[in-house]
Amino acid sequence: MKRDINNIAALAFGLMLFATCNYDVGRDARIRTEETFKSRMIVEENIYRRDSLQVLANLKGYLQRHEQSFYNKSYFDSTELLLDTILYSPDIKRLVVFVLARNPTSRQFQPNTEYAWYYDGFCYLGIRENDDIRLNWFRRFNLINYYDEQEAKNDLKEYYFTRLASAKDTDGSLIYKFNVDDSRFWDGPVWKVMD
């Protein structure tokens, strides 16, 4: 991975997140979703397009107000938001959204001049309420200071598709029980924060 380890602010933020999340996700702490439970929800293109526009509008509002995952002042009006994926529950009332924020490296605490851009990746949970989608930052795992867009996308999905189910609470119990690609995830404990 080509990440700028010298970015002190980002490293400190990452360490703080790791220390406060209390999870056990070593490289071998993966639980892959069984094929019989894989969520394979496909929505109509017009629904996906409409939801994409609304999700991006909501995220841009967070960005402008420095809320949710965009609280850091390195995000600014020219930060680009790249919507990677929207996953849907069978009734399409619940969503999981993967988004990347693309910033010029000049916005880094210690800019890496080898690259023009860096990417941060986030996951949001969404609830459809009539014609609106309410989003909440899923703070479990985030990416910071990636210089390769595809690598950032892959790592974000790798965590939420293979490692979320193994996240443990301080008492050693599984917190979420399922990955986001598991059909049981849509009725799982993570949605208590959204209801």
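None of the figures in this text is laboratory data; all of them are computed from the coordinates on show. Computed from a predicted structure; not experimentally measured. Using ideal geometry, Cβ is built from the backbone for each residue, glycine included, and neighbour counts are taken over all protein chains shown.
Computed from the Cβ-Cβ distance with R0 of 25 Å, the FRET efficiency linking Leu56 to Glu114 stands at 0.30.
Per-residue counts of other Cβ atoms within 10 Å, averaged by peptide: what ranking do you get for 31-39, 176-184, highest first?
Those peptides, ordered most packed to least, come out 176-184, 31-39.
Computed on the stretch 79-195, with alpha-carbon pairs under 8 angstrom and 6+ residues apart, the relative contact order is 18 percent. Between the C-alpha center of the stretch 48-112 and that of the stretch 128-153 there is a gap of 6 Å. Quick one: grab the alpha carbon gyration tensor of the stretch 103-174, order the square roots of its eigenvalues as a ≥ b ≥ c, and give me rounded if a/c is under 1.5, else prolate or oblate depending on whether a/b is larger than b/c. It comes out oblate by the Cα gyration axes.
If you count, for each residue, the other Cβ atoms within 10 Å and average over each peptide, how do 114-126, 139-151, 61-73 line up from highest to lowest?
Working: 114-126: 20.2, 139-151: 18.5, 61-73: 15.1.
So the order, starting with the most tightly packed, is 114-126, 139-151, 61-73.
A straight Cα-to-Cα reach below 17 Å connects Lys177 with the aspartates and glutamates Asp24, Asp28, Glu34, Glu35, Glu158, Asp169, Asp187, residues fewer than 8 places away in its own chain not being considered.
What shape does the stretch 51-183 have by the C-alpha gyration tensor, where a ≥ b ≥ c are the square roots of the eigenvalues, rounded means a/c under 1.5, and otherwise prolate means a/b greater than b/c and oblate the rest? Verdict is oblate for the stretch 51-183.
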